[in-house]
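Remarks on the structure that follows.
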Amino acid sequence: MKKMLYSLFASPDRLLQVMSHSEIQDSIEDGDRIVVDGNTSVNVHCQQVQDDFKRHVAALKRV
């Protein structure tokens, strides 16, 4: 157990990449706004994200 914890924390990349490809796909399909898979990504397929983007673009057009 101690060796396993040490190996995870010895490599920050391995610690962050704990999601499998299928878990990432499930997260995107479930509509999660943010997906963390070693990198942080915005789920552009999420309706809330699209609405936020449209609102920000509209606000920029008014300026």
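Quick look at the numbers
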{"quantity": "Calculated from backbone phi, Karplus (6.51, -1.76, 1.60) coupling profile of region 46-63 in Hz, x at Gly/Pro", "calculated": "6, 4, 5, 5, 4, 5, 4, 4, 4, 5, 5, 5, 4, 5, 5, 5, 6, 6"}
{"quantity": "Inter-site label distance for Asn39 and Asp52 at 7 Å from Cα along Cβ, in nm", "calculated": "1.8 nm"}
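We did not get these values from a lab; they are worked out from the coordinates using the rules stated. It should be emphasised that the depicted structure is a prediction, and the values quoted were computed from it without experimental measurement. Heads up, the Cβs are rebuilt from the backbone with ideal geometry, glycines too, and the neighbour counts pull from every protein chain shown.
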